[in-house]
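Undergrad: Mind having a look at this structure? Questions to follow.
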């Protein structure tokens, strides 16, 4: 697939998403309480609109740019990539695990794909922009192995089923607002088509706990996001 490059250069300091190291959350907490702490974040949010600074590096598209975002549950995400004077550079739509990238030039270039963007599962695209943390489904959790390792990390291992291969979720927490807040997630899909993603989260919003900065990195690409303004419904 041909890469679409957006030639907008911005100051890299906008993307210093995870600056200072935080002290890991070390209080003895039940594993299911920790899982609830991670998976309940942003669940009351149904729609998010606003603007972000976004950096992408992948086979599908690379560049650093501002963007306007509309995210609606269950699986709708639209990003309008703009230049520094507000002109549209690209339109990205994600719906039900399929993405479309349209560059509004004379040739009207369009790229499409399904399932993943830069190795990152599209099933979490809308979730991330809604301010949620990637988690197993409720059905998967009911059959999963859930534990806390000696380092205080939450380990969730799902079973292989008709819904897909086994998955590993490893969360690391830090203390925030008197409780545990997930600052890091390592996700891995097992099986013949093994893949993994490292997620990092920072700057929890005071009212919802949703991260105002996040990044996702796989062997095939990386996405970094910092919210500038957002309206939550």
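Undergrad: Out of the residues in the stretch 197-210 meeting the condition of being within 10 Å of the chain's Cα centre (by Cα) and within 15 Å of residue 130 (Cβ to Cβ), tell me which one is surrounded by the fewest Cβ atoms within 10 Å (Cβ to Cβ).
TA: The residue in question is 199.
Undergrad: When you look at residue 224, is it under 20 Å from residue 54 (Cβ atoms), part of a strand (DSSP E or B) and touching a helix residue (DSSP H, G or I) at 6+ places or on another chain (Cβ under 6 Å), yes or no?
TA: Details: under 20 Å from residue 54 (Cβ atoms): yes; part of a strand (DSSP E or B): yes; touching a helix residue (DSSP H, G or I) at 6+ places or on another chain (Cβ under 6 Å): yes.
So residue 224 fits the description; yes.
Undergrad: Give me the residue from the stretch 75-93 that is touching a residue at least 60 places away in the same chain (Cβ under 8 Å) and in a strand (DSSP E or B) and, out of that set, farthest from residue 124 (Cα to Cα).
TA: Restricting to residues being touching a residue at least 60 places away in the same chain (Cβ under 8 Å) and in a strand (DSSP E or B), the top hit is 89.
Undergrad: Right, something else. Could you figure out which of (1) out of contact with any helix residue (DSSP H, G or I) (no Cβ under 6 Å at 6 or more places or on another chain); (2) at pLDDT below 95; (3) surrounded by 20 or more Cβ atoms within 10 Å (Cβ to Cβ) isn't true of residue 213?
TA: (2)
Undergrad: Which residues, counting only those in the stretch 136-152, are in contact with a strand residue (DSSP E or B) (Cβ under 9 Å, 6 or more places away or on another chain) and in a loop (DSSP other than H, G, I, E, B)?
TA: Our first condition is that a residue be in contact with a strand residue (DSSP E or B) (Cβ under 9 Å, 6 or more places away or on another chain); within the stretch 136-152, this holds for 136, 139-141, 143-149, 151-152.
Within the stretch 136-152, 136, 144, 149, 151, 152 qualify.
Undergrad: While we're on this one: Run down 80, 89, 111 and say which single residue is surrounded by 15 or more Cβ atoms within 10 Å (Cβ to Cβ), over 16 Å from the mean Cα position of the chain (by Cα), farther than 27 Å from residue 167 by Cβ and modelled with pLDDT of 90 or more. Lay out the reasoning, then the answer.
TA: Details: 89 fails: modelled with pLDDT of 90 or more; 111 fails: modelled with pLDDT of 90 or more.
Matching residue, one of 80, 89, 111: 80.
Undergrad: Right, residue 133: at negative phi, touching a helix residue (DSSP H, G or I) at 6+ places or on another chain (Cβ under 9 Å), surrounded by fewer than 20 Cβ atoms within 10 Å (Cβ to Cβ) and not in a strand (DSSP E or B) or not?
TA: Details: at negative phi: yes; touching a helix residue (DSSP H, G or I) at 6+ places or on another chain (Cβ under 9 Å): yes; surrounded by fewer than 20 Cβ atoms within 10 Å (Cβ to Cβ): no; not in a strand (DSSP E or B): yes.
Criteria not met by residue 133.
Undergrad: What residue, of 44, 56, 71, 38, is assigned to a loop (DSSP other than H, G, I, E, B) and either surrounded by fewer than 19 Cβ atoms within 10 Å (Cβ to Cβ) or under 15 Å from the mean Cα position of the chain (by Cα) (or both)?
TA: Values: 56 fails: assigned to a loop (DSSP other than H, G, I, E, B); 71 fails: assigned to a loop (DSSP other than H, G, I, E, B); 38 fails: assigned to a loop (DSSP other than H, G, I, E, B).
Answer to the check: 44.
Undergrad: In addition: Would a scan of the stretch 27-35 turn up a residue that is under 26 Å from residue 206 (Cβ atoms) and at pLDDT below 80?
TA: yes
Undergrad: Please state which one of 200, 189 is in contact with a strand residue (DSSP E or B) (Cβ under 6 Å, 6 or more places away or on another chain) and at pLDDT 95 or above.
TA: Values: 189 fails: at pLDDT 95 or above.
Criteria check complete, one pass: 200.
Undergrad: Only one of these is exposed (fewer than 15 other Cβ atoms within 10 Å of the Cβ), without any contact (Cβ under 8 Å) to a residue 60 or more places away in the chain, out of contact with any strand residue (DSSP E or B) (no Cβ under 8 Å at 6 or more places or on another chain) and within 23 Å of residue 220 (Cα to Cα): 96, 105. Name it.
TA: Details: 105 fails: within 23 Å of residue 220 (Cα to Cα).
After ruling out the rest, the residue left standing is 96.
Undergrad: Okay, moving on. Is it true that residue 128 is surrounded by fewer than 16 Cβ atoms within 10 Å (Cβ to Cβ), touching a strand residue (DSSP E or B) at 6+ places or on another chain (Cβ under 9 Å) and not in a strand (DSSP E or B)?
TA: Working: surrounded by fewer than 16 Cβ atoms within 10 Å (Cβ to Cβ): no; touching a strand residue (DSSP E or B) at 6+ places or on another chain (Cβ under 9 Å): yes; not in a strand (DSSP E or B): yes.
No.
The values are calculated or read from the model by the stated rules, or taken from the named source; none is laboratory data. Every value quoted in this text rests on a predicted model; they were computed, and no experiment measured them. Because the Cβ atoms are built from the backbone with ideal geometry, glycine has one as well, and the counts that use them run over all protein chains shown.
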